[in-house]
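Encoded as structure tokens, here's the structure I'll be asking about.
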Amino acid sequence: MTKGSKTSNGARTKLRLFFLNHVGEVLEAEQLRTVAGGISEWARRIRELRTEEGYQILTHNDRADLKPGQYLLETPKPQPAFAREISKETRAYVLDRNGFTCQMCGAVAGEPHPYDPTRKTRLHIGHIIDKSLGGSDEPANLRAICSVCNEGASNVTLTRPDLQKLLVQIRRATTADQLEVLEWLRKKFKAS
């Protein structure tokens, strides 16, 4: 093991223990940098706690009441962490194909979430057929899904409405809502 990797593992351990000793408290970036021993990649160690160890460390991207540079560990129990087998290229392809929009609720990345306006929409890549049920990491089995939907989507596969059902819903909507849908479609497809 190289000296650099020992330093980064040590910083991650220190950060994990600090978060666990301050569950439910808003922590500032400068505090965390100090805890990590002043290393320049302290924020990467926090991302590793999230992605590799499953700790639900929230930022301003997750909750509107957090300012940039603030972090919050809501619960000491990590979510199951899975190896990242989906390449950056595949992730970018799926997000672009899905229009940076959650395929379950329609929330758009970076905007306030429609079901929880205190949180900005953060998108993840989710499996249509879960890996635990035999699903693959192929793009055809992947979709953009927001944090809110992802929290409740464990092993759930929702079907998209077919065209007929979608048109029925639009026809039933108020004129104002229909115009809003039209405007959204114009923006999405850059029509005039």
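Search segment 62-73 for residues being surrounded by fewer than 16 Cβ atoms within 10 Å (Cβ to Cβ) and over 16 Å from Leu32 (Cα atoms), and hand back the single one that is modelled with the highest pLDDT.
Asp65
Residues are listed down the side, and each one gets a yes or a no for (1) among the small types (Gly, Ala, Ser); (2) in contact with a helix residue (DSSP H, G or I) (Cβ under 6 Å, 6 or more places away or on another chain); (3) not assigned by TED's automatic domain parsing to the domain that holds Gln31:
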{"site": "Arg63", "(1), (2), (3)": "no, no, no"}
{"site": "Pro68", "(1), (2), (3)": "no, no, no"}
{"site": "Gln79", "(1), (2), (3)": "no, no, yes"}
{"site": "Gln103", "(1), (2), (3)": "no, no, yes"}
{"site": "Gly106", "(1), (2), (3)": "yes, no, yes"}
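Considering every residue within segment 56-63, establish whether at least one is touching a residue at least 12 places away in the same chain (Cβ under 8 Å), at positive phi and not hydrophobic (A, V, I, L, M, F, W, C).
Pass one, segment 56-63, residues touching a residue at least 12 places away in the same chain (Cβ under 8 Å): 56-63.
If we keep only those that are at positive phi too, we end up with none.
So far as segment 56-63 goes, no, none of its residues is touching a residue at least 12 places away in the same chain (Cβ under 8 Å), at positive phi and not hydrophobic (A, V, I, L, M, F, W, C).
Restricting to segment 89-107, and then to whatever is crowded, with 17+ Cβ neighbours inside 10 Å and hydrophobic (A, V, I, L, M, F, W, C), can you tell me which residue is farthest from His60 (Cα to Cα)? Full working, then the answer.
Step one: filter segment 89-107 for residues crowded, with 17+ Cβ neighbours inside 10 Å, giving 91, 94-95, 98, 101-104, 107.
In the following step, the residues that additionally are hydrophobic (A, V, I, L, M, F, W, C) were identified as 94-95, 102, 104, 107.
On the way: Val94: 24, Leu95: 21, Cys102: 19, Met104: 22, Ala107: 17 Å.
That would be Val94.
Continuing with this model, one more query. For segment 109-120, give me each residue that is buried (at least 20 other Cβ atoms within 10 Å of the Cβ) and within 22 Å of Pro161 (Cβ to Cβ). It would help to see each step written out before you state the result.
At the first step, the residues of segment 109-120 found to be buried (at least 20 other Cβ atoms within 10 Å of the Cβ) are 113, 119-120.
Within segment 109-120, His113 is the sole residue that qualifies.
Examine segment 71-85 for a residue that is more than 13 Å from His124 (Cα to Cα), without any contact (Cβ under 8 Å) to a residue 24 or more places away in the chain and among the hydroxyl-bearing types (Ser, Thr, Tyr), and state whether such a residue exists. Spell out how you get there, then give the answer.
Our first condition is that a residue be more than 13 Å from His124 (Cα to Cα); within segment 71-85, this holds for 71-83, 85.
Next, only the ones that are without any contact (Cβ under 8 Å) to a residue 24 or more places away in the chain stay: 77, 83.
After this cut, where a residue has to be among the hydroxyl-bearing types (Ser, Thr, Tyr) as well, the list is none.
There is no residue in segment 71-85 that is more than 13 Å from His124 (Cα to Cα), without any contact (Cβ under 8 Å) to a residue 24 or more places away in the chain and among the hydroxyl-bearing types (Ser, Thr, Tyr).
Which of the residues belonging to segment 149-172 are within 17 Å of the chain's Cα centre (by Cα) and at pLDDT 65 or above?
Once the filter is applied, which keeps residues that are within 17 Å of the chain's Cα centre (by Cα) and at pLDDT 65 or above, segment 149-172 yields Cys149, Asn150, Glu151.
State all residues of segment 27-58 that are under 15 Å from the mean Cα position of the chain (by Cα), over 12 Å from Arg16 (Cβ atoms) and crowded, with 17+ Cβ neighbours inside 10 Å; if no residue qualifies, say none.
Gln56, Leu58
The values are calculated or read from the model by the stated rules, or taken from the named source; none is laboratory data. Note that the coordinates shown come from a computational prediction; the quantities given were computed from them, not determined experimentally. Here Cβ is always computed from backbone atoms with ideal geometry, including for glycine, and neighbour counts include all displayed protein chains.
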